[in-house]
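The values are calculated or read from the model by the stated rules, or taken from the named source; none is laboratory data. Computed from a prediction, not measured in an experiment: that's the story for all the values here. Cβ: placed from backbone, ideal geometry, glycine included. Neighbour counts: every protein chain shown.
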Amino acid sequence: MIGVIGGSGLYEIDGLQDATWQSVDSPWGAPSDDILTGTLDGVKMAFLPRHGRGHVHSPTTVPYRANIDALKRLGVTDVISVSACGSFQEAMAPGHFVIVDQFIDRTFAREKSFFGDGCVAHVSVAHPTCPRLSDACETAAKDQGITVHRGGTYLAMEGPQFSTLAESKLYKNVWGCDVIGMTNMPEAKLAREAELCYASVAMITDYDSWHPDHGEVDVTEIIKTLMGNADNARGMVAKLPALLGTDREDCPHGCDKALEFAILTQPDKRDPALMAKLDAVAGRMIG
């Protein structure tokens with residue numbers, strides 16, 4: 001099952017057969033919204049609006065753990081994250097898409113792990129996105145006629161305010177980041193803990209505040225670009241089932257085995273209450 005987490009401007013998937021909005025209970029709280037499920041080209045799909053329909057969750061208050069847990073409970077194996085972002089690169093212009101492959105996490109007010117006291121686990125996020133899924137997203141975007149850039153570092157900021165000029169210059173000129181957004185962290189880390197393949201598609205809406213010819217971020221201009229990006233994103237998503245196919249094999253990059261050697265707490269020392277909450281996320285290892 002392909003799971004799509006839609007960011008600002010993307011609140012549905014076109015063409016779903018037997019489309020139904022489902023409420024999913026999670027021990028980590030309520031997800032951002034009900035989840036739209038159905039099939040597309042014979043492949044099961046699940047769509048979750050990250051901010052909720054009507055855009056009710058700020059980047060900080062998005063229930064990231066509940067979202068990932070709910071998708072895993074539904075049977076999702078592959079997660080495509082689509083989000084609006086600013087660009088630090090002249091060549092990555094508004095309207096372009098970037099297939100992100102790295103992150104710098106500057107968020108500070110969010111729960112970032114399913115694990116902790118009662119069950120300690122450490123997963124690797126050295127390569128936080130899945131190349132197989134990223135390949136499919138790149139091909140689908142090109143087939144849709146979108147200008148797409150493969151590879152880029154996403155600076156995840158807390159928000160909800162946009163960057164100061166000094167911050168924008170730091171992220172661009174000193175840290176060498178390519179795009180900036182507010183939502184892919186801790187989402188990518190949690191997807192890895194849940195042994196889900198994860199790909200990130202950044203839809204460029206603006207040049208943040210560093211660009212001398214564009215000035216500060218203008219929300220009205222962002223929204224205008226956002227609508228065009230959302231149309232393109234729906235077209236891209238519609239092409240993914242045919243590219244990924246109906247038969248799901250093991251991930252060649254090991255995303256679906258991320259917990260293989262990650263859990264350190266001995267079985268007799270694990271907190272039963274926490275273990276009950278981990279039944280979907282870590283069920284393969286603790287079942």
Q) With respect to the numbered conditions (1) within 30 Å of Trp175 (Cα to Cα); (2) within 13 Å of the chain's Cα centre (by Cα), which one is the sole condition not fulfilled by Leu71? A) (1)
Q. Do you know which residues across region 154-177 are closer than 17 Å to Asp101 by Cβ and touching a helix residue (DSSP H, G or I) at 6+ places or on another chain (Cβ under 9 Å)?
A. Tyr154, Leu155, Ala156, Cys177
**Q.** Cβ pairs under 9 Å, 6+ apart, first in region 41-60 and within 12 Å of Gly3 (Cβ to Cβ), second part of a strand (DSSP E or B) and among the polar types (S, T, N, Q)
**A.** Lys44/Thr37; Met45/Thr37; Met45/Thr39; Ala46/Gln22; Ala46/Thr37; Phe47/Thr37; Arg50/Ser81; Arg50/Ser83
Q. Do we have Lys169 as closer than 19 Å to Ala70 by Cβ, of a type outside the set (Gly, Ala, Ser), modelled with pLDDT of 95 or more and surrounded by fewer than 24 Cβ atoms within 10 Å (Cβ to Cβ) here?
A. no
Q) Which one of these is in contact with a helix residue (DSSP H, G or I) (Cβ under 9 Å, 6 or more places away or on another chain), crowded, with 16+ Cβ neighbours inside 10 Å, more than 29 Å from Leu165 (Cα to Cα) and in contact (Cβ under 8 Å) with a residue 40 or more places away in the chain: Val125, Val100? A) Val125
Q: Kindly provide the set of residues from region 1-24 that are without any contact (Cβ under 8 Å) to a residue 40 or more places away in the chain and part of a loop (DSSP other than H, G, I, E, B), ordered by number.
A: Leu16, Ser23
**Q.** Restricting region 230-287 to residues that are small (Gly, Ala, Ser) and in a loop (DSSP other than H, G, I, E, B), the residue that is surrounded by the most Cβ atoms within 10 Å (Cβ to Cβ)
**A.** Ala282
Q. In region 103-117, how many are surrounded by 15 or more Cβ atoms within 10 Å (Cβ to Cβ) and either within 11 Å of Ile263 (Cα to Cα) or among the hydrophobic types (A, V, I, L, M, F, W, C) (or both)?
A. 4
Q) Which residues, counting only those in region 100-140, are part of a helix (DSSP H, G or I), out of contact with any Gly (no Cβ under 9 Å at 6 or more places or on another chain) and farther than 25 Å from Ala66 by Cβ? A) Pro131, Arg132, Asp135, Ala136, Glu138, Thr139
